[in-house]
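I have placed the structure first, in the form of structure tokens, so that the comments after it can refer back to it.
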Amino acid sequence: MASNAAVPFWRAAGMTYITYSNICANLVRNCLKEPYKTEALAREKVHFSISKWTDGKPEKPNDV
Amino acid sequence: MLRRASGLLARPILAARARPFSTDLPAAQTADATFLEAWKKVIPNMDPPKTPLSFMQPRPPTPSSIPSKLTVNFVLPYASELATKEVDMVIVPATTGQMGVLPGHVATIAELKPGVLSVHEGNEVTKYFISSGFAFIHANSFADVIAVEAVPLDRIDASLVQKGLAEFTQKLSSATTDLEKAEAQIGIDVHSALNSALTG
């Protein structure tokens, strides 16, 4: 009796389901026709800024 | 608050089963009676607070005879494509192959691979290409399909698909680490699924 069921190839390579799913979604979005492609890519854009904290105070954040 | 135990009563008794499955739970959740009484004793003039469960619609019970239509909820992270739409059949691209779901289908959870979801209603068929996701089919002939990205087939650009397929085939042959190979393999799978969706 196999204790590990056949794992999907991406799981065996160390990738999680979420990463796999997001890669698939990005690939599909990149194959869309023009107005839909720009809409889809704009919709999925994420804005975030990172700031390192030292001595309880944030330094100047880097905007992304 | 209505109290409906019809889900429990409709369940047939099988000899081997000791505990109820989660699909056989009663359809409606009831408000907590002890809490309500305690509230009314202390604060009789105010309405008791509503819990999140009271805002939700109770799950429709499993009917005793197979219903004629399947109710489909097809949702994406940014939109709900189909919301409680009554259809005759849906074909979902499960990892185990194309799975046709008819009303009265056994309760199933299926992981989806990149492929085509087709919704059959009367004579019309609507097809979407799904990037990946899950399909939950409940015993009461409700199907929830969730996907990260789903597009109608006519929004796919064939030339981009061919280019992507060629690019990832080339990446697979030049990949070194396991992770790169996996990514290239994913690219090939997705693009060949897109290809067969366009041609098939």
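Computed quantities for the displayed model
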read-out: Residue, surrounded by the fewest Cβ atoms within 10 Å (Cβ to Cβ), within the stretch B:77-131, restricted to residues that are over 25 Å from B:S64 (Cβ atoms) and free of Cβ contacts under 8 Å to residues at least 12 places away in the same chain; value: B:N123
read-out: Residue within the stretch B:62-76 that is under 18 Å from the mean Cα position of the chain (by Cα), charged (D, E, K, R) and crowded, with 17+ Cβ neighbours inside 10 Å present; value: no
read-out: Considering residues of the stretch B:121-131 that are among the hydroxyl-bearing types (S, T, Y) and in a strand (DSSP E or B) only, the residue nearest to the other protein chains (Cβ to nearest Cβ); value: B:Y128
read-out: Residue tally, condition within 12 Å of another protein chain (Cβ to nearest Cβ) and either part of a loop (DSSP other than H, G, I, E, B) or surrounded by 19 or more Cβ atoms within 10 Å (Cβ to Cβ) (or both), over the stretch B:132-147; value: 3
read-out: Scope the stretch B:67-81; condition more than 22 Å from B:N123 (Cβ to Cβ) and assigned to a loop (DSSP other than H, G, I, E, B); matching residues; value: B:L76, B:P77, B:Y78, B:A79
read-out: Evaluation of B:P58 against (1) more than 15 Å from B:H138 (Cβ to Cβ); (2) modelled with pLDDT of 55 or more (one fails), failing number; value: (1)
read-out: Odd one out for B:M46, checked against (1) closer than 16 Å to B:F136 by Cα; (2) modelled with pLDDT of 85 or more; (3) of a type in the set (A, V, I, L, M, F, W, C); value: (1)
read-out: Residues being more than 8 Å from every other protein chain (Cβ to nearest Cβ) and either under 19 Å from the mean Cα position of the chain (by Cα) or buried (at least 16 other Cβ atoms within 10 Å of the Cβ) (or both) - total across the stretch A:38-64; value: 13
read-out: Count of the stretch B:142-199 residues which are small (G, A, S), out of contact with any Leu (no Cβ under 9 Å at 6 or more places or on another chain) and touching a residue at least 40 places away in the same chain (Cβ under 8 Å); value: 1
read-out: Residue ID - nearest to the chain's Cα centre (by Cα), chosen from residues in the stretch B:148-168 that are more than 7 Å from chain A (Cβ to nearest Cβ) and in a strand (DSSP E or B); value: B:A150
read-out: Selected residue (criterion: nearest to B:H191 (Cα to Cα)) from residues of the stretch B:82-120 that are of a type outside the set (A, V, I, L, M), within 14 Å of another protein chain (Cβ to nearest Cβ) and assigned to a strand (DSSP E or B); value: B:G115
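The values are calculated or read from the model by the stated rules, or taken from the named source; none is laboratory data. Remember, predicted model here, so these are calculated numbers, not experimental data. With ideal geometry, Cβ positions are generated from the backbone for all residues, glycine too; neighbour counts draw on all protein chains shown.
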